[in-house]
């Protein structure tokens with residue numbers, strides 16, 4: 001089969017995969033909160049597609065069919081899809097979409113391997129693994145992550161208050177100040193910005209860094225930076241609410257829509273770390289060549 005026929009076959013498989021996940025994702029994105037929280041899902045396959053397209057000449061240089069490996073993978077995706085259709089309606093929108101999206105991705109990866117071969121599959125390992133970010137985090141795991149972010153943010157808020165000389169009494173996730181009390185609620189966890197920063201950082205580590213341990217260092221930097229970002233936002237809003245106007249904590253722009261004000265510096269810091277790590281690699285490579 002020539003290249004055009006392979007691409008046509010794979011396009012058919014891709015349309016099947018899209019049909020598998022279209023309804024649950026559309027339901028997930030149908031609300032205002034869903035659109036805000038899950039819009040990134042639409043961007044993930046575009047990024048993976050671009051990464052494959054950019055190196056298409058190398059990736060598609062040695063094609064074959066891989067029936068033995070690929071058919072079982074596709075069957076796992078199909079079985080998961082039908083199980084989800086049968087029993088997934090008992091789940092909430094997030095978990096139902098998580099199950100159905102997983103089934104579509106598994107099927108699609110199996111179809112990719114079948115159409116182009118395992119050798120091609122190995123060459124596209126990162127773009128294909130990157131698709132996991134399309135899958136909404138299941139609620140039990142999501143709750144644990146949000147809880148960890150709440151606690152971690154609270155642990156950073158305390159020393160910042162002490163450094164600034166702000167009198168407070170802490171009870172778990174609640175901070176009692178002179179005239180107000182604030183609670184670090186799940187909405188304060190910064191889960192959406194955390195996920196966005198993690199995705200961008202992983203992508204940057206793939207594009208700009210070659211050394212495995214340096215990639216890990218960059219990715220691990222996401223979590224302390226996120227906690228500091230959350231804490232700075234909480235402290236800023238708390239001080240404005242306590243000493244300027246309590247509306248900053250209820251109706252203020254920084255509380256409702258000002259997350260990007262704190263997100264952008266965090267992103268700049270992470271990208272700067274990526275640049276420094278990449279620069280150190282280039283310098284080391286130059287010294288070795290010399």
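Of these, 121, 128, 114, 99, which one is more than 25 Å from the chain's Cα centre (by Cα), outside the structural domain of residue 240 (by TED's automatic domain parsing) and in a helix (DSSP H, G or I)?
Result: 114 is the single residue among 121, 128, 114, 99 that is more than 25 Å from the chain's Cα centre (by Cα), outside the structural domain of residue 240 (by TED's automatic domain parsing) and in a helix (DSSP H, G or I).
Being more than 30 Å from residue 125 (Cα to Cα) and surrounded by 15 or more Cβ atoms within 10 Å (Cβ to Cβ): is that true of residue 237 here?
Judged against the criteria, residue 237 is a match.
Any chance segment 148-157 includes a residue that's assigned by TED's automatic domain parsing to the domain that holds residue 244 and closer than 15 Å to residue 269 by Cα?
no
Quick one: in segment 154-206, which of the residues that are in contact (Cβ under 8 Å) with a residue 40 or more places away in the chain and in a strand (DSSP E or B) is surrounded by the most Cβ atoms within 10 Å (Cβ to Cβ)?
Filtering first and then ranking leaves 175.
Hey, does segment 36-47 have a residue that's over 17 Å from residue 128 (Cα atoms), outside the structural domain of residue 199 (by TED's automatic domain parsing) and surrounded by fewer than 16 Cβ atoms within 10 Å (Cβ to Cβ)?
The answer is yes, given that some residue of segment 36-47 is over 17 Å from residue 128 (Cα atoms), outside the structural domain of residue 199 (by TED's automatic domain parsing) and surrounded by fewer than 16 Cβ atoms within 10 Å (Cβ to Cβ).
Of 76, 52, which residue is part of a helix (DSSP H, G or I) and over 20 Å from the mean Cα position of the chain (by Cα)?
After applying the criteria, what remains is 76.
The values are calculated or read from the model by the stated rules, or taken from the named source; none is laboratory data. In this text the structure is predicted, and so the values were computed from the model without any measurement. For neighbour counting, all protein chains shown are included, and Cβ atoms are generated from backbone atoms with ideal geometry for every residue, glycine included.
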